[in-house]
Amino acid sequence: MAIRKFAVLGALALAGVSLFGLSAKAEDVKLTLWSLDKDTQPAPNLVKEFNDQHNGITIEYRLIQFDDVVTEAMRAYATGQAPDIIAVDNPEHALFSSRGAFLDISDMIKNSKVIKPENYFPGPLKSVEWDGKYFGVPKATNTIALYYNKDMFKAKGLDPNKPPQTWDELVEDARKLTDPAKNVYGLAFSAKANEEGTFQFLPWAQMGGGSYEHINADGAVKALEVWKTIMDEKLASPDTLTRGQWDSTGTFNSGNAAMAISGPWELDRMVQEAKFDWGVTLLPIPKEGAERSSAMGDFNWAIFSTSKHPAEAFKALEYFASQDDKMFKNFGQLPARSDISIPETGQPLKDAALKVFLEQLKYAKPRGPHPQWPKISKAIQDAIQAALTGQMSAKDALDQAADKIKAVLG
């Protein structure tokens, strides 16, 4: 009896171990994801939808602060505490990729039936590349174009259906539209000494034949001289030097600027606040036939190279990408993909503007990519401020910026 008893107990014990082992295997793989997105933005909602699938993978979401993204994420990587997935601002992507912090997912993308490089706009796709390999997936994108007040155009004898197409036309129209008696400036834009200033100026330099590596090209100098003319003739508010894009566009919405350089993130506010007829056109170019360019913003997804579950993390990215067609409808953000059409909203002004922004995205270029982008951008910002405040000529300011950037590039 004793022997049978122990045999039964032993069998039960073995069964318990076996059942425990099966139970452990049945537990979800747990991933962590860091992002700046709040409740009304994509990341936490995509995470919830992914988790609701109960597919054996669970993602824990953490909201991080803008100022902490790079320092906190790099510290976490260095100490072995990095998340599996993160969303980073596109110009910061190269910093992580170049240091081995992000996982090379080129082979995963090659074998994916969901994520296909040819479906993405060139600019966003370029921002996740480093050394010819893919280290992430574009999350969303945006760009800038020229908003203009059609009612003001009519009032000043300008054709509301013919907004300025070249830099000279922009300056001439701004002169006609500026009305100090009514506190109306011809143009609103941001030349602030931060990333917003670089974001707005770099496309002008690129259209002039320059780049961040050749920021003092003749056409880039011409671009900064145009900005200086606009400021010197008070065609834009003096606050342009200290005001961000949100505030500068607010002056357009309130009727205190006839034109504004800004992005699609303003569309809903524009519809609500602007009490006039308005339109959007592509950024003016140096002269007819010149190369187009535009800024490119928003974030990318990436998997940290320290992730213990890279295959599962990539499945999460595939799911996020599969929802790109809902990006604008649900969150008001433009998908980074050229194969997705934006459904009409039923608001004529907004729908017409969206078509322009989607066209502009074809010419949008990333800032960089370069791991030392903050230093490069700072050199450009300093040049903008020095030239527009009269401390240096546009050429001297950009020559100085070129020297600083050359030292960074090595």
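The values are calculated or read from the model by the stated rules, or taken from the named source; none is laboratory data. All values reported here derive from a predicted model rather than from experimental measurement. When we count neighbours, we look across all protein chains shown, and the Cβ atoms used for this are built from the backbone with ideal geometry, even at glycine. Areas reflect the complete protein model, heavy atoms only, side chains present, ligands, DNA and RNA absent. Shrake-Rupley method; radii C 1.70, N 1.55, O 1.52, S 1.80 Å.
The table below gives the values:
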read-out	value
Within region 1-91, helices (runs of 4 or more DSSP H) holding 2 or more residues that are modelled with pLDDT under 85 and farther than 30 Å from residue 375 by Cβ	2-26
Qualifying residue in region 213-234 (condition: modelled with pLDDT of 95 or more, touching a Lys or Arg at 6+ places or on another chain (Cβ under 8 Å) and within 17 Å of residue 147 (Cβ to Cβ))	no
Output for region 97-154, where each listed residue is assigned to a helix (DSSP H, G or I), surrounded by fewer than 20 Cβ atoms within 10 Å (Cβ to Cβ) and of a type outside the set (Asp, Glu)	98, 106, 110, 117, 119, 122, 126, 150, 154
Helices (runs of 4 or more DSSP H) within region 212-324 that include 3 or more residues over 29 Å from residue 38 (Cα atoms) and not hydrophobic (A, V, I, L, M, F, W, C)	218-232
Among the candidates 306, 345, residue that is on the phi < 0 side of the Ramachandran plot, open to solvent by 50 Å² or more (accessible area, probe 1.4 Å), of a type in the set (Val, Ile, Thr) and without any contact (Cβ under 8 Å) to a residue 40 or more places away in the chain	345
Residue 94 surrounded by 14 or more Cβ atoms within 10 Å (Cβ to Cβ), touching a residue at least 24 places away in the same chain (Cβ under 8 Å) and within 24 Å of residue 131 (Cβ to Cβ)	yes
Test: residue in region 129-140 that is small (Gly, Ala, Ser) and more than 17 Å from the chain's Cα centre (by Cα)	yes
Region 208-245 - residue that is small (Gly, Ala, Ser) and in contact with a strand residue (DSSP E or B) (Cβ under 7 Å, 6 or more places away or on another chain) and, of those, nearest to residue 261 (Cα to Cα)	236
Qualifying positions in region 248-292 - without any contact (Cβ under 8 Å) to a residue 12 or more places away in the chain and over 24 Å from residue 347 (Cβ atoms)	289
